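What follows is a short report on a single structure.
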Amino acid sequence: MTYETPRDGAGNKLCGWCGGAIKQSGVGRSRDYCTRLCRERAYRKRRDERLITEALAAAAPISSTAETVSSTGETDSPVDVSEAPAIPAPAEPRERPAPAPRRPVRRVSDVFQGLPKGRLF
């Protein structure tokens, strides 16, 4: 980790997210967070900060005009519009086929109507 672990007055480690006391087991590596939830929240914050930084670095500056004027006074167009291909019109939406007819709903009493009453077995 690249940050300094917070500690209380006695030198015991505190949670890196919420600042609460950490119970150390005494075996293995010492913990940096008091719970898994604090560890996950700290990870998500680091991940989000990294993703935002990468997105800002990848974003290209957008000029306010499509054309720029050179030092000689000539207009330089970044794209030659006269040779640009024509953009096709959007396709017409297709009609959806009619849904299949639904079977009629039968009541439970209709199902047993023709059966003899009493024991069947």
### Summary
ASP8 neighbourhood, Cβ < 15 Å, K/R = +1, D/E = -1, net charge +2
### Message
Let's test the formula: R0 of 25 Å, r as the Cβ-Cβ distance of ARG50 and GLU4. What FRET efficiency results, to the nearest 0.05?
### Response
0.80
### Summary
Residue span ARG94 to VAL108: 0.36 nm per residue of separation minus Cα-Cα distance leaves a gain in nm of 1.0 nm
#### Entry: Residue-level accessible surface for SER25, protein heavy atoms, 1.4 Å, Å²
90
### Query
Taking all protein chains as present, what is the carbon and sulfur share of the accessible area of segment 1-58, in % to the nearest whole number, probe 1.4 Å?
52
### Task
Could you check the simple spin-label distance between TYR43 and SER30, using points 7 Å along Cα→Cβ, in nm with one decimal?
2.2
### Query
What list of ³J(HN,Hα) couplings, whole Hz, do you get for segment 46-59 from phi and the Karplus terms 6.51, -1.76, 1.60, once you set θ to phi - 60° and write x for glycine and proline?
4, 5, 5, 4, 5, 5, 5, 4, 5, 5, 5, 5, 7, 5
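The values are calculated or read from the model by the stated rules, or taken from the named source; none is laboratory data. Keep in mind the model is a prediction, meaning the values are calculated, not measured. For neighbour counting, all protein chains shown are included, and Cβ atoms are generated from backbone atoms with ideal geometry for every residue, glycine included. In case anyone asks, the SASA skips ligands and DNA or RNA and just uses the protein heavy atoms, side chains included. Shrake-Rupley method; radii C 1.70, N 1.55, O 1.52, S 1.80 Å.
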